[in-house]
Amino acid sequence: MIIIRFPDSETERRGLGFLATRFPGKSWGTGETLVPEAALAHLAQQGIKFTVIGDALVDLRRRFGAVSWETQIIHGIWQHQEAEFRDELVRVFVDVPDRPENRRFFSDLKEQLKSRFRQHDIWMTTYAIEVI
């Protein structure tokens, strides 16, 4: 999955309309859209301009050797103070050794993602696993 940004609201409307029935993804009010890598060629073929902002999943794969994600959207409703929020979430899995440098990396990544997507919080959870 790759994060892209369209150059203006008209192009974004056209791009999201094209993507909606063809590829899973997620768009945010920040103007960023998460799309599968395969969508990029299709957008280009349609003449829909975009800029690649980040390739978070490839970055995780490069750092840790593997990354997995679920393609369905996870819907959430939550409350912060007096406001109710609705989210469409994506779940990403990275299996890494429980080491201080990995915990630091994910703590830093969490803060970067909270800022990028203007989130009050992002949950990152850990589980001990035993490979059999």
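So is Ile122 closer than 22 Å to Gly29 by Cβ, in a loop (DSSP other than H, G, I, E, B) and at pLDDT below 90 or not? Yes; evaluated as a whole, the condition is true for this residue.
Among the residues that make up the range 39-50, is at least one of them of a type outside the set (Phe, Trp, Tyr), at pLDDT below 90 and not in a loop (DSSP other than H, G, I, E, B)? Quick ask: steps written out before the conclusion?
Start the filter on the range 39-50 by keeping residues that are of a type outside the set (Phe, Trp, Tyr), which leaves 39-49.
Those still in the list that are at pLDDT below 90 too: none.
The answer is no, given that none of the residues of the range 39-50 is of a type outside the set (Phe, Trp, Tyr), at pLDDT below 90 and not in a loop (DSSP other than H, G, I, E, B).
All conditions but one from (1) touching a helix residue (DSSP H, G or I) at 6+ places or on another chain (Cβ under 8 Å); (2) more than 30 Å from Thr126 (Cα to Cα) apply to Asp8; the one that does not is (1). Regarding Ile48, is this residue surrounded by 10 or more Cβ atoms within 10 Å (Cβ to Cβ), closer than 23 Å to Ala20 by Cα and in contact with a strand residue (DSSP E or B) (Cβ under 9 Å, 6 or more places away or on another chain)? In short, no. How about the range 1-38: which of its residues are closer than 21 Å to Val67 by Cα, among the basic types (Lys, Arg) and in a helix (DSSP H, G or I)? Scanning the range 1-38 gives no hits.
The values are calculated or read from the model by the stated rules, or taken from the named source; none is laboratory data. Quick caveat: nothing in here was measured; it's all calculated off a predicted structure. Cβ: placed from backbone, ideal geometry, glycine included. Neighbour counts: every protein chain shown.
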